[in-house]
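Single-structure report; data block below.
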């Protein structure tokens, strides 16, 4: 665990964290040195000015004939205040801790670009996991260090000690954790995440991807940010909030790091129609309906898992805290083909590390889930 001298112990620390003895280092120390003073691009919407005749962005003076609302000719706000506030309320953070981006993919890319020198600093990932961590890193010229999840009788678990060792030994700047995991479905203990953050304080940022957090019913890692400035959390409206096509996600982190990430972001990341749709989707009535559907999905998850575990040809159904099930089959090729013949498209996981016999099946409506059960009931029990 990295040490903090008494003279530095209160620098940048919150009063609550300091009182609890959980003081962590300034995350700006993890940012690439050449980007710490980087101003980024100043767009026509960067400056907060008021006016009635806007002639500062080289926009068309007329709306497109197809634009009946006459709004699309203007560039959108880079970080719309109403959306940021709605997301901050949803996730239990301050607006200054949150940056909105295009799904979770853009924040992943921004974090790697801001913290990792091309060809130098590494990232740590825990396969099988979401592939975009490694894709973004490799496109950036950043080494990827694998610390595989451990397959146990209770499901996949993360070897946090191994992740810490790997980060220390390779000088990794970021450790990506997916909780609940994709495709594992495993929700990681917040106590272990906090311990990892303490151990890597001043060395690496611990990023917790919570794309499926709404389905987990466990505390969000956002609750760790007060005491651990080297924790960042990824969230998205693509899953539980049913806005995958709108591409709205967020990274929640220390305000100083958020400012750096915004300077690294493209000028106009959020299309105005997506922003307006997201704001409507986060209104009280819509959120209440989302919560109701999450409850249905959780119930269906338990029902489907129990019935599939007894189905012929099914070797293992992993415990899941997400909106999908990871399933091992005696003959995964036959299972995938049978589902496809019935018009049901599952995710073939056979190319993922350690999952050569597995499929991932998202939870649908009760009727759709019944169709999955009926289709797989015809599988042969023997391999």
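The values are calculated or read from the model by the stated rules, or taken from the named source; none is laboratory data. Treat the numbers as computed from the prediction; the structure is a model and nothing was measured. Neighbour counts are summed over all protein chains in view; Cβ atoms, including those assigned to glycine, are modelled from backbone coordinates with ideal geometry.
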Exercise for review: Please find, within the range 324-364, the residue that is modelled with the lowest pLDDT out of those that are under 21 Å from the mean Cα position of the chain (by Cα) and more than 17 Å from residue 305 (Cβ to Cβ).
Suggested key: 353
Study note, to complete from the structure: Checked against (1) touching a helix residue (DSSP H, G or I) at 6+ places or on another chain (Cβ under 9 Å); (2) in a helix (DSSP H, G or I); (3) surrounded by 13 or more Cβ atoms within 10 Å (Cβ to Cβ), residue 291 satisfies every condition except (3)
Check your understanding: Applying the selection to the range 259-285, what residues are closer than 11 Å to residue 86 by Cβ, touching a residue at least 12 places away in the same chain (Cβ under 8 Å) and not in a loop (DSSP other than H, G, I, E, B)?
Key -> 275, 278, 279, 281
Point to revise | Out of 305, 299, sole residue that is loosely packed, with under 15 Cβ neighbours inside 10 Å, in a helix (DSSP H, G or I) and assigned by TED's automatic domain parsing to the domain that holds residue 371 | key: 299
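How many residues are in contact (Cβ under 8 Å) with a residue 40 or more places away in the chain and either outside any strand (DSSP E or B) or not assigned by TED's automatic domain parsing to the domain that holds residue 170 (or both) when one looks only at the range 188-228? I'd like the intermediate steps shown before the answer.
Taking the range 188-228 first, the residues in contact (Cβ under 8 Å) with a residue 40 or more places away in the chain are 197-205, 207, 209, 211-212, 214-218, 220-223, 225-228.
So of that shortlist, the ones also either outside any strand (DSSP E or B) or not assigned by TED's automatic domain parsing to the domain that holds residue 170 (or both) come out as 197-204, 211-212, 214-218, 220-223, 225-228.
Within the range 188-228, residues that are in contact (Cβ under 8 Å) with a residue 40 or more places away in the chain and either outside any strand (DSSP E or B) or not assigned by TED's automatic domain parsing to the domain that holds residue 170 (or both) number 23.
I'd like to check something: does the range 331-353 contain any residue that is closer than 17 Å to residue 213 by Cα, touching a residue at least 60 places away in the same chain (Cβ under 8 Å) and not assigned by TED's automatic domain parsing to the domain that holds residue 156?
Pass one, the range 331-353, residues closer than 17 Å to residue 213 by Cα: none.
No; the residues of the range 331-353 include none that is closer than 17 Å to residue 213 by Cα, touching a residue at least 60 places away in the same chain (Cβ under 8 Å) and not assigned by TED's automatic domain parsing to the domain that holds residue 156.
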Practice item. Mind counting the residues in the range 340-375 that are closer than 22 Å to residue 296 by Cα and in a helix (DSSP H, G or I)? Key: 10
Review point. Which one of 65, 106, 59 is touching a residue at least 40 places away in the same chain (Cβ under 8 Å) and either more than 18 Å from residue 255 (Cβ to Cβ) or in the same structural domain as residue 256 (by TED's automatic domain parsing) (or both)?
Key: 106
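From the list 156, 160, 176, which residue is within 17 Å of the chain's Cα centre (by Cα), modelled with pLDDT of 95 or more and closer than 18 Å to residue 188 by Cβ? Let's see the steps before the verdict.
Details: 156 fails: within 17 Å of the chain's Cα centre (by Cα); 160 fails: within 17 Å of the chain's Cα centre (by Cα).
Unique residue meeting the criteria: 176.
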Review point. What's the number of the condition residue 321 fails, among (1) farther than 15 Å from residue 181 by Cα; (2) modelled with pLDDT of 95 or more; (3) part of a loop (DSSP other than H, G, I, E, B)?
Key: (1)
